[in-house]
Each structure stands twice: as C-alpha cells, then as structure tokens.
Amino acid sequence: MIALERVLVAALIVAGASSCITFQWNRSREHRDFDRATLESLPKSGVGLDRCLSAMGAPTYVWENEVHGLVLAWSWSDDRTFSGTVSIPVYRSQSASLQYADVRDRQHGVVAWFDENWQLEDWREGYLNELVTQARRPATLDEIDAP
Amino acid sequence: MKRVALLLAVLLTPGCFLSRTYVNAPIEEASIAQLRPGQTTAAQVVALLGAPTEVVQLGRRSAYRYEHDQQKRAGLFLIVVVFSNNDNQADRTWVFFDENDVLSHVGTTLEADTAQYAMPWSDLSE
C-alpha cells in the first residue's frame, strides 16, 4: 500500500510539474539519402546530364553555373533534436525560462557542376551550405551573349 | 490496482496526434512517360503537367521544376515529455529545355508515398 501511495504522489508531482518543465525529442526527415553504391559508381567527370539524372533522380535544386553551365544539388536531412525547457514564475506576471537543445545533423547533400555542354565537371558530397557558398542572380542577356 | 494503473495511463497520455499535409497534386508517372526529349515543347509540357512550381533560367536555356510534397507528422505527449516525428517526402520532376524551348532532359523522383508516421526512434530505412 505504501508503494502505491508513492506511485500516486510521484504521478501528482509529475503532473504538477508539466507547466514548468518539458523535455522534447523531435525528429525531422526531409527527402531520402540515396543509395551509396549509386553515388560511388558516378564518375567524377565526363558523363552527361542524362546519366546523372537517371542515376540520382530529380535534384532538389538547379542553378546556373558561370552563365552557360549548370549546378545541380540533391539534398536530404534527418535531424534529431533533444531539448529541455524549464520555466519558473519569479514575480506575478513575469517568468524566467531556460532551454537547451542539441541538433545533431545539418542538411547533407551532393552538388554536381556541369560545363556549357552540360557534361559533368565534378561532384562533391557534404553539407550543402559549405558546398554552395553563395547563390547568384540569373545572367543578363549581355552576359549570355558575351564571347 | 487495475483502476490505479488505468488512471495512471490516462494521466500519462493526455495527448497524441497524427497529421498529413499535401503540397500540390501528385505527379503522374503516365504523364512523365509522355515526355519526349528532342520533340516535346515547353508549351506541351505545361499543357500536360500544368504550371511549374519553379522556373530557372540557364543562360538561353531553362528548366522547370514540378513538385508534390507529402508530410506526415506524429506526436505523443506524456505530461513533461514530448515525442514528435516529421517525415517529408516528395515527387519531383525537373524538365530541361534548349534555346528553342524544346525538351532536352528529364529527371524524376517519385517518393511522396514513402512518407511515414513514426516516432523519433523508429527505423525509417524502408
């Protein structure tokens, strides 16, 4: 009977603490990592856009590369976040809160660069924000027609 | 004892949810099969697939993106502990056009139906 009372007291304490303490475990997955063997079978250069598209599927992003070329990026993410929040009322309508979060992964992907004939020049795997450092505006007609 | 266990179970599981969100209509595999590189024009692609989600200028060439997303979310609230999972998968097609707006390349991935309801610890490899 004493054990039962302890369980009930513990349950009441936990229920009462729900407004000021919260622990969260979240997972967010976007798109799928592709087959490692497919990626490793892709030559670093000298193959056409068709071969890359049939091997890797539709890219997530497409950009211009140096006016006439092409950049494709395939990305995916699988983030797990553990977080805890403690909120304490300190004075009537005021409260203090403390939050800790641990994000383990970032958006991962493959970026492939193609020349003006849309032949593969290079591809690299890694974090997308490190591989593609800056986006550029589309080329103007003057830039396109420049020799 | 059974009543206490039931009471505790009710107290500890005050909330859970499942939700599903779609963005755009699914991409039909049969429609993609009708695209003919070297023959199909941009106007015919638009007549077949509708307005693209994105248009990208590639010098004098161009590419259109068609995308359908399916997001499945699941969550469980246990008083002070919250578990939630969000799985977002897509059907995506990129069509590339030459200087004359004739289709040159097509890339398609159809994975929207693989989105799953799960918990953070679930194996989502399948």
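The values are calculated or read from the model by the stated rules, or taken from the named source; none is laboratory data. Given the structure is predicted, the values throughout are model-derived calculations rather than measurements. Here the Cβ is made from the backbone with ideal geometry for all residues, glycine too, and neighbour counts use every protein chain on show. Just so you know, the surface numbers come from the protein's heavy atoms only, side chains and all, with ligands and any DNA or RNA stripped out. Shrake-Rupley method; radii C 1.70, N 1.55, O 1.52, S 1.80 Å.
Farthest toward the positive end of the dipole of region B:14-114, out of B:Gln71, B:Pro52, B:Val82, is the Cα of B:Val82, where the dipole comes from beta carbon charges about the Cα centre. FRET efficiency for the A:His108 to A:Ala11 pair, using the beta carbon distance and R₀ = 51 Å, is estimated at 0.75. When both region A:21-41 and region B:56-93 are represented by their alpha-carbon centers, they are found 12 Å apart.
Among the residues of B:59-65, the average count of other protein chain beta-carbon atoms within 10 Å of the residue beta-carbon is 6. The angle between the Cα long axis of helix B:2-12 and the main principal axis of chain B comes to about 40°, on a 0 to 90 degree scale. Hey, what did region B:14-114 get for relative contact order, percent, Cα under 8 Å, at least 6 apart? It rounds to 32 percent for region B:14-114. Per residue of peptide B:103-116, the mean number of Cβ atoms on other chains within 10 Å of the residue Cβ is 4. Largest first, the residues B:Cys16, A:Cys20 sort by 1.4 Å accessible area into B:Cys16, A:Cys20.
Note on the protein assembly as shown: semi-axes of the ellipsoid equivalent to its C-alpha gyration tensor, largest first and rounded to whole Å, are 50, 21, 17.
Inter-chain Cβ neighbour count for A:48-55, averaged per residue, equals 3 (cutoff 10 Å, partner chain atoms only). What is the projected area of the convex hull of the Cα atoms of region B:1-88, averaged over all directions, in nm²? Reported value for the Cα convex hull: 9.7 nm². For the chain pair A and B, buried accessible area totals roughly 3600 Å², probe 1.4 Å, rounded to the nearest 100. Ordering B:36-47, A:75-86, B:61-72 by mean Cβ neighbour count within 10 Å, with the highest value first, yields B:61-72, A:75-86, B:36-47.
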